[in-house]
Amino acid sequence: MAKEIKNNHLYIDGCDTVELAKTFGTPLYVYSVSEIREECQKIQAQFLTRYSKTRAAYAAKAFCTTAMLQVIKSEGLSLDVVSGGELYTAIQADFPAEHIEFNGNNKSIEELAAALDYGVGRIIVDGIQEVGLIRALCQEKQVVAKILLRITPEVSVSTHQFISTGQKDSKFGIPLDEEILFPLVEEVIQAPELDFYGLHFHVGSQLSDNRSHLAAVDAALALVQTIHERFDYWIKELNVGGGFGVRYTDADIRQPYSYFLDPVMEKIDAFYAQHQSERPTIVIEPGRSIVAEAGISLHTIGSIKTLPGIRTYASIDGGMTDNIRPGLYQATYTGILANRASEAATQKITISGKACESTDILVKDLALPPVETGDLFATFATGAYGYSMASSYNNLQIPAVVFVENGQAELAVKRQSYEQMLQNEVVPSFLREGASSK
Ligand SMILES: *Cc1c(COP(=O)(O)O)cnc(C)c1O
């Protein structure tokens, strides 16, 4: 494992976290590049090399920086982006265009134009209106777009409702209604500007149960069959999304990729064998499972308050600004004192952030050694949806990101400076001193 305890200190990928905090300051995100690579290699072993005609596209939104995308590129994975900004990051990372897929429920004309200009491999169409936009742009640019239709498979998902996306009442995807879906399928098959590759679904996130993926595969295959019957068309690609759960605390079960994908592939292969037709390419889009556990956050403990008979709050020099997940969807984390990692946990401490919100609590009632101001708190598994959701609320600085691998540590993102925080601000002329104030 890339994390170990040596001389009372927490080490990650060969680096002492206490030294990292001294060198780079806190709050700090630290990523073990070895762990990211290992995760990609698990996907290779359990899915890509095990089954032919498969692809895995890393969902960039989990953690999207140029250095991260370069690691993904070097591990041979594809990339899923959802905005012009993520596409721009991919371009800066020299990510091969044909290995990029463009998702999103409200792509702007400018974003679609940028995607077509770069030549992205797939556009995942999320609604009827988008088809018109893409066709018009393709006519203008004299190109053909390779598209999939994202459907809502209408399955229930056992995860927090805020990260469930496969139910019918969703802003994502195209509903399975006869009068909506089939005219659209007919249009995309016939449109000369479009190359219709197939179907996409994504049922939700942080799943430890394969039932929703399997139910969604059933829904998709039923649709595949209807499309074949009505339009004499076999789809070329089926994208089954991401959502593979990780271990934040001991309460979470982390299932291997094969637990989800072996039965998925079995179902799909059986269907195509029965129809004596060639199986399409199968694509997955893991985000969280590639980076969550590879990342930790380091914070320095400041103010400590004991409310007798209630609890002790130890406040850190960050919080919801660098990890909104506890506040946003009651996510749970665990951590340790990185500078006193082998000392006995004899107290219950609540780790609170420094933002002006009562929900800014990172971990509640955690067993720790007696904390002191100046201690270093390490939160585990903050690699996904942490930095990528960070904000400067309260004008707190967005933390730096450090990549470590086999004892080497280097910045991947510098800490935001106060100057950078204000760099886009302008004072309107009518507010400037000397301007009339009628
Ligand atoms: C968020 C998302 C993913 C990645 O989900 P994870 O739970 O991070 O694996 C994949 N595909 C789509 C369309 C998404 O919206």
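The single condition among (1) free of Cβ contacts under 8 Å to residues at least 24 places away in the same chain; (2) on the phi < 0 side of the Ramachandran plot that residue 244 does not meet is (1).
Among the residues of segment 389-397, is any within 19 Å of residue 68 (Cβ to Cβ), part of a helix (DSSP H, G or I) and not acidic (Asp, Glu)? Yes, that holds for at least one residue. Number of residues in segment 31-56 that are surrounded by fewer than 21 Cβ atoms within 10 Å (Cβ to Cβ) and not in a helix (DSSP H, G or I) equals 7.
Of the listed requirements (1) over 24 Å from residue 28 (Cα atoms); (2) part of a strand (DSSP E or B), residue 309 misses just one: (2). The residue that is nearest to the ligand (Cβ to nearest atom), counting only those in segment 57-99 that are of a type in the set (S, T, N, Q) and assigned to a helix (DSSP H, G or I), is 89. Scanning segment 278-316 for residues being over 23 Å from the mean Cα position of the chain (by Cα) and buried (at least 20 other Cβ atoms within 10 Å of the Cβ) gives a total of 4.
Using the structure shown, decide if residue 294 is under 26 Å from residue 28 (Cβ atoms) and away from the ligand (no atom under 16 Å from the Cβ). For residue 294, the condition - under 26 Å from residue 28 (Cβ atoms) and away from the ligand (no atom under 16 Å from the Cβ) - is not met. Just one of the numbered conditions (1) away from the ligand (no atom under 13 Å from the Cβ); (2) in contact (Cβ under 8 Å) with a residue 12 or more places away in the chain is not true of residue 285: (1).
Return yes when residue 289 is small (Gly, Ala, Ser), in contact with a strand residue (DSSP E or B) (Cβ under 9 Å, 6 or more places away or on another chain) and farther than 30 Å from residue 41 by Cβ and no when it is not. No, not satisfied. Of all residues in segment 258-270, those satisfying the criterion of being open to solvent by less than 10 Å² (accessible area, probe 1.4 Å) and touching a residue at least 60 places away in the same chain (Cβ under 8 Å) are 261, 265.
Okay, residues lined up against (1) under 16 Å from residue 283 (Cα atoms); (2) surrounded by fewer than 23 Cβ atoms within 10 Å (Cβ to Cβ):
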{"residue": "62", "(1), (2)": "no, no"}
{"residue": "66", "(1), (2)": "no, yes"}
{"residue": "70", "(1), (2)": "no, yes"}
{"residue": "73", "(1), (2)": "no, yes"}
{"residue": "83", "(1), (2)": "no, yes"}
{"residue": "88", "(1), (2)": "no, yes"}
{"residue": "94", "(1), (2)": "no, yes"}
{"residue": "102", "(1), (2)": "yes, no"}
{"residue": "105", "(1), (2)": "no, yes"}
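When residue 273 is tested against the conditions (1) open to solvent by 50 Å² or more (accessible area, probe 1.4 Å); (2) within 16 Å of the ligand (Cβ to nearest atom); (3) part of a helix (DSSP H, G or I), the lone failure is (2). Among residues that are more than 12 Å from the ligand (Cβ to nearest atom), in the same structural domain as residue 258 (by the TED database) and either outside any helix (DSSP H, G or I) or surrounded by 17 or more Cβ atoms within 10 Å (Cβ to Cβ) (or both), residue 148 is not included.
Restricting attention to segment 230-260, which residues are of a type in the set (Lys, Arg) and either assigned to a loop (DSSP other than H, G, I, E, B) or within 16 Å of the ligand (Cβ to nearest atom) (or both)?
Hits for segment 230-260 are 236, 247, 254.
Can you pull out the residues in segment 358-372 that are within 25 Å of residue 324 (Cβ to Cβ) and assigned to a loop (DSSP other than H, G, I, E, B)? Within segment 358-372, 358, 359, 360, 371 qualify. Do we find a residue being hydroxyl-bearing (Ser, Thr, Tyr), under 22 Å from the mean Cα position of the chain (by Cα) and open to solvent by 60 Å² or more (accessible area, probe 1.4 Å) anywhere in segment 408-426? There is no residue in segment 408-426 that is hydroxyl-bearing (Ser, Thr, Tyr), under 22 Å from the mean Cα position of the chain (by Cα) and open to solvent by 60 Å² or more (accessible area, probe 1.4 Å). Screening segment 225-248 for residues that are under 28 Å from the mean Cα position of the chain (by Cα) and under 19 Å from residue 188 (Cβ atoms) and picking the one that is surrounded by the most Cβ atoms within 10 Å (Cβ to Cβ) gives 239.
Find the residue count for segment 109-137, including only residues that are more than 16 Å from the ligand (Cβ to nearest atom), touching a helix residue (DSSP H, G or I) at 6+ places or on another chain (Cβ under 7 Å) and within 29 Å of residue 93 (Cα to Cα).
Summing the residues that are more than 16 Å from the ligand (Cβ to nearest atom), touching a helix residue (DSSP H, G or I) at 6+ places or on another chain (Cβ under 7 Å) and within 29 Å of residue 93 (Cα to Cα) in segment 109-137 gives 12.
Identify all residues within segment 198-229 that are away from the ligand (no atom under 14 Å from the Cβ), out of contact with any Phe, Trp or Tyr (no Cβ under 7 Å at 6 or more places or on another chain) and either acidic (Asp, Glu) or in a helix (DSSP H, G or I) (or both); write none if there are none. Matches in segment 198-229: 211, 214, 215, 217, 218, 219, 222, 223, 224, 225, 226, 229. Filtered by the rule that a residue be farther than 27 Å from residue 68 by Cβ and among the acidic types (Asp, Glu), segment 398-438 gives 425, 433.
The values are calculated or read from the model by the stated rules, or taken from the named source; none is laboratory data. Being a predicted model, the structure only gives us computed values, none of them experimental. All Cβ positions, glycine included, derive from the backbone under ideal geometry; neighbour counts span all protein chains shown. Side chains included, ligands, DNA and RNA excluded: accessible areas come from the protein's heavy atoms. Shrake-Rupley method; radii C 1.70, N 1.55, O 1.52, S 1.80 Å.
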